[in-house]
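This report refers to the structure that appears directly beneath it.
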Amino acid sequence: MKIEDITKVWETIIKQKLLAGLVDWEEDYREEIAAFIRYLDRQFIGELNVRTQIRKRPLIPHQQWNMFEAVKSGTARTNNAMEGYNHAFSLSLPKKATVWYLIDRFIAEESLMKKTVLELATGGASHEFNTRTIAQQMHEEELRALVNNLDKMSISLYVEAMVGLFSG
C-alpha cells in the first residue's frame, strides 16, 4: 500500500482484526499477542501517544520496509540474488585461499560476467526456467497487478486481496 495509507490501514483494518481475534485465543496467549501488536505498533507504524493522540515516528521508517514502489517498478524487494551469489562464490573458494588465488578467482569471475553481459546484450543467452521460477514470476505478476490496481478498489478489498495472495 502507499506509504501515506499505512497508518490508516493499520488502525482501521489490520489492528482491529487482530484485536477482535484476541477473544478467540486461549487466555494464556492473549497477553503475548497483545504485546506483539504493541511491538508492531512501535516498530513499524509509530506508537500512539494516548494523551496527545499523535503517533511517534516508528523505529523502522515506513520507507525502509514498504515495498509498494518496488513492486510497481518491478525492482528487487530483497537482496536474495546477491546473497546467493556471495554464497556460491564463497563455496567455490578453498578454506584457506591465498590472496593470489582470490585475485585469480576475481579475474575469472569478471571474465565470466563480461561474457554473460555480452550474451544478454546480443540476445545470445537463454535463461532456463524451472517450475519454481515460473511460479515465482506468476506470483510477481499477480502482486504487481494488485499494486497497480490499488486506486481502482477500496483499501479493505486491497488488504484482503494482499492477504489472500500471500496466504494461498
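The values are calculated or read from the model by the stated rules, or taken from the named source; none is laboratory data. Only a predicted model underlies this, so the values are computations on that prediction, with no experimental measurement involved. Note: ideal-geometry Cβ built from the backbone for every residue, glycine included; neighbour counts use all protein chains shown.
Of the residues making up segment 1-24, those that are among the acidic types (Asp, Glu) and either more than 21 Å from the chain's Cα centre (by Cα) or outside the structural domain of Glu47 (by TED's automatic domain parsing) (or both) number 2.
Does Leu48 qualify as being without any contact (Cβ under 8 Å) to a residue 24 or more places away in the chain, in the same structural domain as Ile60 (by TED's automatic domain parsing) and either acidic (Asp, Glu) or touching a strand residue (DSSP E or B) at 6+ places or on another chain (Cβ under 8 Å) (or both)? Give the steps one after another, and end with the answer.
Working: without any contact (Cβ under 8 Å) to a residue 24 or more places away in the chain: yes; in the same structural domain as Ile60 (by TED's automatic domain parsing): yes; either acidic (Asp, Glu) or touching a strand residue (DSSP E or B) at 6+ places or on another chain (Cβ under 8 Å) (or both): yes.
Answer is yes for this residue.
Condition check: among the aliphatic types (A, V, I, L, M), on the phi < 0 side of the Ramachandran plot and part of a loop (DSSP other than H, G, I, E, B). Does Leu59 satisfy that?
Numbers: among the aliphatic types (A, V, I, L, M): yes; on the phi < 0 side of the Ramachandran plot: yes; part of a loop (DSSP other than H, G, I, E, B): yes.
Considered against the rule, which asks whether it is among the aliphatic types (A, V, I, L, M), on the phi < 0 side of the Ramachandran plot and part of a loop (DSSP other than H, G, I, E, B), Leu59 comes out as yes.
Residues of segment 142-157 that are assigned to a helix (DSSP H, G or I) and either touching a strand residue (DSSP E or B) at 6+ places or on another chain (Cβ under 7 Å) or at pLDDT 90 or above (or both): Glu142, Leu143, Arg144, Ala145, Leu146, Val147, Asn148, Leu150, Asp151, Lys152, Leu157. Among the residues of segment 64-91, those that are outside any helix (DSSP H, G or I) and not polar (S, T, N, Q) comprise Met67, Gly74, Ala76, Arg77.
Given the residues Glu11, Glu109, Glu83, which is the only one that is in contact with a helix residue (DSSP H, G or I) (Cβ under 9 Å, 6 or more places away or on another chain) and within 30 Å of Leu146 (Cα to Cα)?
On the way: Glu109 fails: within 30 Å of Leu146 (Cα to Cα); Glu83 fails: in contact with a helix residue (DSSP H, G or I) (Cβ under 9 Å, 6 or more places away or on another chain).
Of Glu11, Glu109, Glu83, the one residue that is in contact with a helix residue (DSSP H, G or I) (Cβ under 9 Å, 6 or more places away or on another chain) and within 30 Å of Leu146 (Cα to Cα) is Glu11.
Here Ala121, Ala108 are screened, and the one residue that is modelled with pLDDT under 85, farther than 18 Å from Glu69 by Cβ and of a type outside the set (Lys, Arg) is Ala121.
Restricted to segment 38-55, and to residues there that are in contact with a helix residue (DSSP H, G or I) (Cβ under 8 Å, 6 or more places away or on another chain) and part of a loop (DSSP other than H, G, I, E, B), the residue that is nearest to Met1 (Cα to Cα) is Gly46.
Tell me, please, whether a residue that is touching a Ser or Thr at 6+ places or on another chain (Cβ under 7 Å), in contact (Cβ under 8 Å) with a residue 12 or more places away in the chain and under 30 Å from Asn148 (Cβ atoms) can be found in segment 62-77.
Our first condition is that a residue be touching a Ser or Thr at 6+ places or on another chain (Cβ under 7 Å); within segment 62-77, this holds for none.
No.
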